[in-house]
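Here is the structure we will look at.
A short reminder: the numbers here are calculations on the coordinates, not readings from a lab. Here the structure is a predicted model, which is why all the values come from computation and not from measurement. Note: ideal-geometry Cβ built from the backbone for every residue, glycine included; neighbour counts use all protein chains shown.
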Amino acid sequence: MSRRVSQGPYVRRLSSEERRDGYVMVLKDWLGFFPPVGQEFSLERDGRTEPARIDAEPCTCRGPEKPHEHYSLRVPNLGDATQVTVSKLAGGSYALQVDR
Ligand SMILES: [Zn+2]
């Protein structure tokens, strides 16, 4: 199987939990598309640039014998968004588009 890192964009249909709690889950296969976990980067949204980062959280949703991590991008005020698109820009920053 190819492990080539996608150049994106990262498109994600949001769950109600992501909408409510203000985050976008980043699937493990897509980690390479983003800066390293915990490293701050610039995220453009609606013409504004804000600091963002990928967070890792330990999780046991597959049972206590299968601990793993979930990765997320915090995005406050998602409102009634149904889908987000994260694109990589020249210069190492990223852009977020929210679809309703
Ligand atoms: Zn889990």
Of the conditions (1) small (Gly, Ala, Ser); (2) within 13 Å of VAL86 (Cα to Cα); (3) assigned to a strand (DSSP E or B), GLY8 satisfies every one except a single condition; which number is it? (3)
Where residues in the range 42-85 are β-branched (Val, Ile, Thr) and either in contact with a helix residue (DSSP H, G or I) (Cβ under 8 Å, 6 or more places away or on another chain) or free of Cβ contacts under 8 Å to residues at least 60 places away in the same chain (or both), which of them is farthest from the ligand (Cβ to nearest atom)? THR49
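How many residues, within the range 48-100, are of a type in the set (S, T, N, Q), surrounded by fewer than 10 Cβ atoms within 10 Å (Cβ to Cβ) and under 24 Å from PRO36 (Cβ atoms)?
0
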